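Report on the following structure.
Nothing in this text is a laboratory measurement; each read-out follows from the coordinates by a stated rule. Please read all numbers here as calculations on a predicted model, not as lab measurements. Neighbour counts are summed over all protein chains in view; Cβ atoms, including those assigned to glycine, are modelled from backbone coordinates with ideal geometry.
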Amino acid sequence: MLSLHDLDMITTQYAYFTFEITPENCKGSDGRDEDACEAFEGLMDIANYIPETQEYQRFEDKVRQKMPEFAGLGYHMQPDDKVRSTLLYTPDGTLTKK
């Protein structure tokens, strides 16, 4: 991001996306904290989010119950397998299910 900042590419003409690689903050040990924080303002980090709610647990249980219906299509799931439902959250709170 600092390289993009140095090239004057932190503008509204560019969009930058990362997938779960954004550091916790923009502070570092290189003396360029102000530049780094400015560069990270326009970054959209996409992260996997798995809720830890009872509602989501019920959803996982329903998925496990339905999986035998898909065995003929080559889908198999053991009762203790994790359900892999990807929920992508963005910092502005929008949600996309995949």
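Taking a ≥ b ≥ c as the square roots of the eigenvalues of the alpha carbon gyration tensor, the range 1-48 is oblate, as a/c is not under 1.5 and a/b does not beat b/c. Structural descriptor for the range 1-48: relative contact order 53 percent, calculated from alpha carbon pairs under 8 angstrom and at least 6 residues apart. In this simple spin-label model, placing a label point 7 Å from the Cα along the Cα-to-Cβ direction at both residue 75 and residue 50 gives a separation of 1.8 nm.
Once you have the Cα-Cα distance between residue 15 and residue 60, take 0.36 nm times their residue separation minus that, and quote the gain in nm to one decimal.
Working: separation 45, 0.36 × 45 = 16.20 nm, distance 3.46 nm.
Extra length from residue 15 to residue 60 when fully extended: 12.7 nm.
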